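I have placed the structure first, in the form of structure tokens, so that the comments after it can refer back to it.
The values are calculated or read from the model by the stated rules, or taken from the named source; none is laboratory data. None of the values given here were measured: they were computed from a predicted structure. Please note: Cβ atoms are built from the backbone with ideal geometry, for glycine as well, and neighbour counts cover all protein chains shown.
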There are 2 protein chains.
Amino acid sequence: MRQIIDERTGGTVRPPYGAEPHSALHGPSHAPTMRIAAHVTVLHEGDPARRIMEVVDGAVMLSKLLPDGRRQVVELLGPGDVFGLAHDEIYACSAETLTPATINTHDRSALERDPVLAARLLRRFEAQLCVMHSHALVLGRMSALERVAFFLLRLMPDGMVGTTLHLSMTRQEIADFLGLTLETVSRAFSELKRRGLVVLQRADEVRIQDRGSMRRLAGAL
Amino acid sequence: MRQIIDERTGGTVRPPYGAEPHSALHGPSHAPTMRIAAHVTVLHEGDPARRIMEVVDGAVMLSKLLPDGRRQVVELLGPGDVFGLAHDEIYACSAETLTPATINTHDRSALERDPVLAARLLRRFEAQLCVMHSHALVLGRMSALERVAFFLLRLMPDGMVGTTLHLSMTRQEIADFLGLTLETVSRAFSELKRRGLVVLQRADEVRIQDRGSMRRLAGAL
DNA sequence: CGACCTATTGAAAGCTATCAACTGGGGTGG
DNA sequence: CCACCCCAGTTGATAGCTTTCAATAGGTCG
């Protein structure tokens, strides 16, 4: 289990209950902005859902647990993405920072009062829903090698060709995202390396060498 | 391949291009309602995305294809659900009716003009996103038997206990939804039957016999 | 009643998970 | 400054589950 303690404050960071930097002078719906360290659990699956959150900067991982401990990382979020969604007033996922992150929080009631916010969230939800559809295809129909190729392409926008990508996830986290085991993820990395499609400077620093072959593996996506 | 011909009109039903019942007197953004037969492809993945659609009645299936023909049914929709989402002005999924269905269509530009519509879609997107998160857990971490149990519980609301559920999907469609093969789905049905958790009156008529055991299999969901 | 399509069941192969050992890098403490 | 420890990652061997290929059964419609 990763730490859920914020080393700056020494306390658990759970925005609905904890201190809220920058919000003292505003109402709770005025988008208080929080700066959060890496590897901090921001939301817990099953907690009462009072807030909706936007990633301003950094990376956040949403995950769900089965009663026996199996975990699925259901979504990877970056700047602009929204989380804190709820079924029956209960958070449906846990949220954990992968890197230091800046996050805006809104009271759920703000959705009705603030049409500009609602419009922004609507566009973002549409985009995230499309990404989830792609991810269902990955989880349901792709082989291990294809999943890892897809994962790396997803993290490496077309713009940054030839640059080195820093993975801020462990093999276990990648495995939980792709519906595999950490060993299978490791083997897939080794296979991509062996085929000359990627270069691993370190375990968490990847360069895509042959983008064409990667695209073909990942289903031309 | 299922038919994409509407037997009532004799023509392909593709709303952006085809005839639009009930809409002759209204602008294209005034939610023309269409009545569509079962097993009709309403939207094609990759077509230009001009409309956004709401299921009023019936069941709709969203699917994505890989270049080599592998298919994933990414979402099952019922009354209230929304589809016709787009990446880069292109439909991200194909949509096919599973039953006769009634569908509302909105011009995408209506989202900016109609805040009531936008608010409704926002709530619905949130719900669908949560369902997709659950589905990612199913696809990534559950065994074949667990997936089928989950599928049946999802189709059988708590209210209707003891009633017979009519599956409007073939084994192949269920398999494509659950990330399995049709043979594995069939074996899972047989196993659930053998264990006394369900009764199959016919291949497409299921009664859940032991809901508790089903819930345990499906991860208490 | 026969044709055809869907579903079921069986047998074998393949891919991923599991269990286990080993490697390597980073940090700590001597 | 170096040695050791610890954890993440890699690699190997085996098991298990699902897929694949194939044959049979069931049901519907002409």
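Scanning region A:159-190 for residues that are more than 14 Å from chain B (Cβ to nearest Cβ), surrounded by 15 or more Cβ atoms within 10 Å (Cβ to Cβ) and more than 8 Å from DNA strand D (Cβ to nearest atom) yields A:L165, A:S168, A:A188. When region B:200-211 is filtered for residues that are surrounded by 14 or more Cβ atoms within 10 Å (Cβ to Cβ) and either aliphatic (A, V, I, L, M) or assigned to a helix (DSSP H, G or I) (or both), the ones remaining, listed by number, are B:L200, B:V206, B:I208, B:R211.
Residues in region A:121-146 that are more than 9 Å from chain B (Cβ to nearest Cβ) and free of Cβ contacts under 8 Å to residues at least 24 places away in the same chain: A:S143 only.
Quickly run through region A:123-145 and pick out the residues that are buried (at least 21 other Cβ atoms within 10 Å of the Cβ) and either of a type in the set (V, I, T) or more than 19 Å from the chain's Cα centre (by Cα) (or both). Once the filter is applied, which keeps residues that are buried (at least 21 other Cβ atoms within 10 Å of the Cβ) and either of a type in the set (V, I, T) or more than 19 Å from the chain's Cα centre (by Cα) (or both), region A:123-145 yields A:V138, A:G140, A:M142.
Consider region A:100-122. How many of its residues are among the polar types (S, T, N, Q) and either buried (at least 16 other Cβ atoms within 10 Å of the Cβ) or within 26 Å of B:E75 (Cα to Cα) (or both)? First the steps, then the outcome.
Residues of region A:100-122 among the polar types (S, T, N, Q): A:102, A:104-105, A:109.
Going one step further and asking which of them are either buried (at least 16 other Cβ atoms within 10 Å of the Cβ) or within 26 Å of B:E75 (Cα to Cα) (or both), we end up with A:104-105.
Number of matching residues: 2.
One residue stands out in region A:147-158 among those that are assigned to a helix (DSSP H, G or I) and of a type outside the set (A, V, I, L, M, F, W, C): the one that is farthest from the other protein chains (Cβ to nearest Cβ), namely A:R154.
Under the condition of being touching a Gly at 6+ places or on another chain (Cβ under 7 Å) and within 10 Å of DNA strand C (Cβ to nearest atom), the residues counted in region B:183-221 number 0.
Looking only at residues in region A:191-209 that are of a type in the set (A, V, I, L, M) and near DNA strand D (Cβ under 8 Å from one of its atoms), the one that is nearest to A:L167 (Cα to Cα) is A:A203.
Report yes if A:M156 is over 29 Å from B:A144 (Cβ atoms), of a type outside the set (F, W, Y) and under 17 Å from the mean Cα position of the chain (by Cα), otherwise no.
On the way: over 29 Å from B:A144 (Cβ atoms): yes; of a type outside the set (F, W, Y): yes; under 17 Å from the mean Cα position of the chain (by Cα): yes.
Here the answer is yes, as A:M156 does meet what is asked.
Summed over region A:118-165, the residues that are at pLDDT below 95 and within 16 Å of DNA strand C (Cβ to nearest atom) give a count of 1.
Restricting attention to strands (runs of 3 or more DSSP E) lying wholly within region B:31-107, give those where 3 or more residues are touching a helix residue (DSSP H, G or I) at 6+ places or on another chain (Cβ under 6 Å). First the steps, then the outcome.
Details: elements: B:33-36, B:41-43, B:51-57, B:60-65, B:71-77, B:94-97, B:101-107.
Correct list: B:71-77.
Would you say A:L180 is away from DNA strand C (no atom under 12 Å from the Cβ) and not β-branched (V, I, T)? No: the conditions fail for A:L180.
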